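The values are calculated or read from the model by the stated rules, or taken from the named source; none is laboratory data. In this text, all values refer to a predicted model and were calculated from it rather than measured experimentally. Cβ sites come from the backbone with ideal geometry, for glycine too, and all protein chains shown count toward neighbours. Each accessible area value is taken on the protein alone, full model and side chains, heavy atoms only, with ligands, DNA and RNA left out. Shrake-Rupley method; radii C 1.70, N 1.55, O 1.52, S 1.80 Å.
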Amino acid sequence: MSEPFDLVIQNAHVATASDIFDADIAVTGGRIVRLGKDLGAARRIIDAAGRVVTPGGVDAHCHLDEIMSGPVRMADDFHTGTRAAACGGTTTVIPFAAQQKGHSLSAAVQAYRQRAAGKAHVDYAFHLIVTDPTPAVLQQELPALIAEGFTSFKIYMTYDDMKLDDGQILDVLSVAKAHGALAMLHAENADCIQWLTRRLLQAGQTAPRFHAQARPMLVEREATHRAIALAELVDTPILIVHVSGREAIEQIRWARALGLSVLAETCPQYLFLTADDLGIDDSYHGARCVCSPPPRDAANQEVVWNGVRDGLFTVFSSDHAPFRMDGTVGKRPDGCEVSFERIPNGIPGIETRLPLLYSEGVLAGRITLQRFVELTSTNPAKTYGLHPRKGSIAIGSDADLVIWQEAPCTVRNTRLHHNVDYTPYEGMQLKAWPALTLSRGEVVWDGAFHDHSGHGQWLRCGLPTILPNAPSHARNVIQPR
Ligand code: DUC
Ligand code: ZN
Ligand code: ZN
């Protein structure tokens, strides 16, 4: 008699990025060990009853417990942020370890690993944010960190305390190229934003809705084009994060037509919000939806949907950047209604990312189920060197799984699990929500949240395997752990 499995999920309608098939899934030691029918005895059986089962979501762009300037604090740490992730079907998160100007990048990574330690309910990796590319960072710290499993870094083209100039960007891209790492670009033209902001403030136009006027599509289009040109000069792949609309998408399509390796990400706010959500009057309510780039309009939403459908976008991430409306450390710094350029940028979305796209993408007939899995799990895992451990339902992969309940439900912040006092999607009618989320074989959500603080492990990222010309040493295999 062979040992029983830890768990068998019976009657699963399995969806991967490539296939849909019916199977039972056997799990032992937190990994998928068998797929098929009549697999044998198990200590626990869960009946999926023919419902769709997908790989757990990989949210490759979220901000948790990031150090902010002044009085501002993020609302979610690794406890509340990964709790919300789990309840929305996400089993891997990739937040950021941000260097502060004048400080070491390696020290920042150590500090962020401390902030996460013992708190996470699901697995996590880190992207780096490079804000001060000194010779020591470029020549020693970055190469050492890439070798340790921090293989992606975000470069900001805007925000005074973060932005790099073009020469610095070329330096960082050169390191990415030399070591096979991937640079992620926040593409907005800082000088244009500053100039527009000054004019708006001089005219007394300070309400949240003017945030969108200070960051029009043109500033994103110009910076997207420049990021592509800089990457072309260095001859290295890049990923443009949080693409918001047509003009940036046109730049990416143009680059792809030239054969350049330009990957792209979009986020729920560019499909489901518009600039009107920042306010149609001067009310401070619109501060809830202040994020950068800002949401655009219905026509741009359609263009983004086209890219979601036709393969333009590689990944679909939340860009969860959580700030509360109440209190003194969130959207009202020191308790005050501030002018738009001082409102902390970001909106919550880690828990709603998958249900929104499943409902309005898959069940509304805009994308296939396989494309949903590709965008939300498989491609982010491949892009950041976590595949096939993550992002797949295959023998040897982690048992990170979601059973979907296709039934009407309404988004209510009171039912969410982040530490933010609002959701931009309040009242939206959805068609599905995860019935159950499994993280390495543990049930973390089944309509109730099951606390697994410290269960979430830090993941060492390999090199990207999504690019057609990825070097053979980047091909990841399932390693003994
Ligand atoms: N924009 C960012 O670049 N990061 C966090 C949130 C936001 O709105
Ligand atoms: Zn950004
Ligand atoms: Zn972000």
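Take the residues in segment 248-283 that are open to solvent by 40 Å² or more (accessible area, probe 1.4 Å) and charged (D, E, K, R), then tell me which one is nearest to ligand 3 (Cβ to nearest atom).
If we take residues in segment 248-283 being open to solvent by 40 Å² or more (accessible area, probe 1.4 Å) and charged (D, E, K, R), then ASP277 is nearest to ligand 3 (Cβ to nearest atom).
Give the number of residues within segment 201-232 that are among the aliphatic types (A, V, I, L, M) and more than 28 Å from ASP310 (Cβ to Cβ).
So the answer is 4.
The conditions are (1) over 13 Å from ILE238 (Cβ atoms); (2) more than 16 Å from ligand 2 (Cβ to nearest atom), and MET162 fails exactly one of them. Which is it?
(2)
If only one of ARG44, ARG83 is over 26 Å from THR368 (Cβ atoms), open to solvent by 30 Å² or more (accessible area, probe 1.4 Å), touching a residue at least 40 places away in the same chain (Cβ under 8 Å) and not acidic (Asp, Glu), which one is it?
ARG83
Could you please find all residues in segment 400-421 being assigned to a loop (DSSP other than H, G, I, E, B), buried (at least 21 other Cβ atoms within 10 Å of the Cβ) and not β-branched (Val, Ile, Thr)?
Correct list: ASP400, LEU416, HIS418.
Looking only at segment 171-204, which residues are β-branched (Val, Ile, Thr) and either surrounded by fewer than 18 Cβ atoms within 10 Å (Cβ to Cβ) or more than 16 Å from ligand 1 (Cβ to nearest atom) (or both)? Give the derivation first.
First pass over segment 171-204, keeping only residues β-branched (Val, Ile, Thr): 172, 175, 193, 197.
VAL172, VAL175, listed by residue number.
Counting only residues that are under 26 Å from LEU375 (Cα atoms) and open to solvent by 70 Å² or more (accessible area, probe 1.4 Å), how many does segment 22-41 have?
Residues in segment 22-41 being under 26 Å from LEU375 (Cα atoms) and open to solvent by 70 Å² or more (accessible area, probe 1.4 Å): 2 in total.
If a residue must be over 27 Å from the mean Cα position of the chain (by Cα) and within 24 Å of HIS121 (Cα to Cα), how many such residues does segment 43-61 contain? Break it down stepwise before answering.
Filtering segment 43-61 for residues over 27 Å from the mean Cα position of the chain (by Cα) gives 43-50.
Among the residues that remain, those that are also within 24 Å of HIS121 (Cα to Cα) are: 43-48.
Counting residues in segment 43-61 that are over 27 Å from the mean Cα position of the chain (by Cα) and within 24 Å of HIS121 (Cα to Cα) gives 6.
What is the one condition in (1) hydroxyl-bearing (Ser, Thr, Tyr); (2) surrounded by 24 or more Cβ atoms within 10 Å (Cβ to Cβ); (3) more than 19 Å from the chain's Cα centre (by Cα) that SER397 does not satisfy?
Every condition holds for SER397 apart from (2).
For the structure I just gave you, tell me whether TRP433 is more than 19 Å from ALA60 (Cβ to Cβ), aromatic (Phe, Trp, Tyr) and open to solvent by 10 Å² or more (accessible area, probe 1.4 Å).
Yes: the conditions hold for TRP433.
Would you mind telling me which numbered condition in (1) surrounded by 24 or more Cβ atoms within 10 Å (Cβ to Cβ); (2) out of contact with any Leu (no Cβ under 9 Å at 6 or more places or on another chain); (3) farther than 16 Å from HIS418 by Cβ; (4) of a type in the set (Gly, Ala, Ser) GLY56 fails?
Result: GLY56 fails condition (2) only.
Please count how many residues of segment 194-223 are within 16 Å of ligand 3 (Cβ to nearest atom) and touching a helix residue (DSSP H, G or I) at 6+ places or on another chain (Cβ under 8 Å).
Going through segment 194-223 one residue at a time, the tally reaches 3.
Just to check your reading of the model, which residue among VAL290, VAL304, VAL241 is open to solvent by less than 10 Å² (accessible area, probe 1.4 Å) and more than 15 Å from ligand 2 (Cβ to nearest atom)?
Selected residue: VAL304, the only one of VAL290, VAL304, VAL241 that is open to solvent by less than 10 Å² (accessible area, probe 1.4 Å) and more than 15 Å from ligand 2 (Cβ to nearest atom).
Within segment 211-237, take every residue that is open to solvent by 10 Å² or more (accessible area, probe 1.4 Å) and under 19 Å from ASP160 (Cβ atoms) and give me the one that is nearest to the chain's Cα centre (by Cα).
The selected residue is ARG215.
Do we have any residue at all in segment 444-461 that's among the charged types (D, E, K, R) and not in a loop (DSSP other than H, G, I, E, B)?
First, the residues of segment 444-461 that are among the charged types (D, E, K, R): 446, 451, 460.
Next cut, not in a loop (DSSP other than H, G, I, E, B) only: none.
No, segment 444-461 contains no residue that is among the charged types (D, E, K, R) and not in a loop (DSSP other than H, G, I, E, B).
Do we find that GLY454 is on the phi > 0 side of the Ramachandran plot, modelled with pLDDT of 95 or more and open to solvent by less than 80 Å² (accessible area, probe 1.4 Å) in this structure?
Yes.
Please find, within segment 422-439, the residue that is nearest to ILE46 (Cα to Cα) out of those that are in contact with a helix residue (DSSP H, G or I) (Cβ under 8 Å, 6 or more places away or on another chain) and assigned to a strand (DSSP E or B).
THR437
Here's the yes/no breakdown for (1) surrounded by 17 or more Cβ atoms within 10 Å (Cβ to Cβ); (2) over 18 Å from LEU463 (Cα atoms); (3) more than 23 Å from the chain's Cα centre (by Cα):
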site	(1), (2), (3)
GLN114	no, yes, no
LYS119	yes, yes, no
VAL137	yes, yes, yes
LEU142	yes, no, no
LEU145	yes, no, no
PHE150	yes, no, no
THR158	yes, yes, no
MET162	yes, yes, no
ILE169	yes, yes, no
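Of GLU374, GLU360, GLU337, which residue is open to solvent by 30 Å² or more (accessible area, probe 1.4 Å), farther than 19 Å from ILE20 by Cβ and not in a loop (DSSP other than H, G, I, E, B)?
Values: GLU374 fails: farther than 19 Å from ILE20 by Cβ; GLU337 fails: not in a loop (DSSP other than H, G, I, E, B).
Only one candidate passes the filter, namely GLU360.
When you scan segment 342-357, how many residues do you find that are closer than 19 Å to THR82 by Cα and in a loop (DSSP other than H, G, I, E, B)?
6
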